[in-house]
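The next block holds one structure in the form of structure tokens; read it before the comments.
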Amino acid sequence: MASGRLGVARLAADHNTVVYTVPPDTLATVNICVLNLGSSDAQVQVAIATTDVPGAGDYIEAGVVPRNGGVLERFGVMVGGGERIIVRASVDQMVDVRVHGIEEVA
């Protein structure tokens, strides 16, 4: 089972990016860190879904605006086998995401 860095991405504007997918028969406890590297504000959405496209009830953050240099963090998020952490930003190539944590057999 993996631990530490589980997924990273630099986001394209207005595009759902799957940053991490939990392996089957696995439970992951993760921290999600979203950093705005740009000089302007960025709207960010974070979802946990069973497909690459989030649906109703999948979002855990929506419309959050980290200021330039700002960070959005979620700690201790439990994610089940096959679920994906999906992040979207309103600006291009200026938002980095890191998912780190630990996987264990479910």
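Please give the contour-minus-distance gain from A2 to V53: 0.36 nm per residue of separation, less the Cα-Cα distance, rounded to one decimal in nm.
On the way: separation 51, 0.36 × 51 = 18.36 nm, distance 2.48 nm.
Roughly 15.9 nm would be gained on extension.
About its Cα centre, how strong a charge dipole does the chain have in debye, to the nearest 20, once Lys and Arg get +1 and Asp and Glu get -1 at the Cβ?
My answer is approximately 240 debye.
Roughly speaking, what is the stretch gain from D25 to A62, that is 0.36 nm per residue apart minus the C-alpha to C-alpha distance, in nm to one decimal? Provide the component values of the computation, followed by the final result.
Working: separation 37, 0.36 × 37 = 13.32 nm, distance 2.85 nm.
Between D25 and A62, full extension yields 10.5 nm more.
The Cβ shell under 13 Å around V8 holds other residues with a net charge of +2, Lys and Arg each +1, Asp and Glu each -1.
With a 1.4 Å probe and all protein chains left in place, how much of the accessible area of the chain comes from carbon and sulfur atoms, in whole percent?
49 percent
Cα-based values for the chain, radius of gyration first and Dmax second, are 13.1, 42 Å. Spacing of the modelled spin labels on V77 and L37, each 7 Å from Cα toward Cβ, amounts to 2.0 nm. For D92, nonlocal amide neighbours, meaning residues 5 or more places apart or on other chains whose placed amide H falls under 5 Å from its own, are A13. With protein chains left intact and a 1.4 Å probe, residues in the chain average 50 Å² of accessible area per residue.
The values are calculated or read from the model by the stated rules, or taken from the named source; none is laboratory data. What you see is a predicted model, and the numbers here were worked out from it, not measured in a lab. A quick note on method: Cβ atoms are made from the backbone with ideal geometry, for glycine too, and the neighbour counts reach across all protein chains shown. The accessibility values were calculated without ligands, DNA or RNA, using every heavy atom of the protein model including side chains. Shrake-Rupley method; radii C 1.70, N 1.55, O 1.52, S 1.80 Å.
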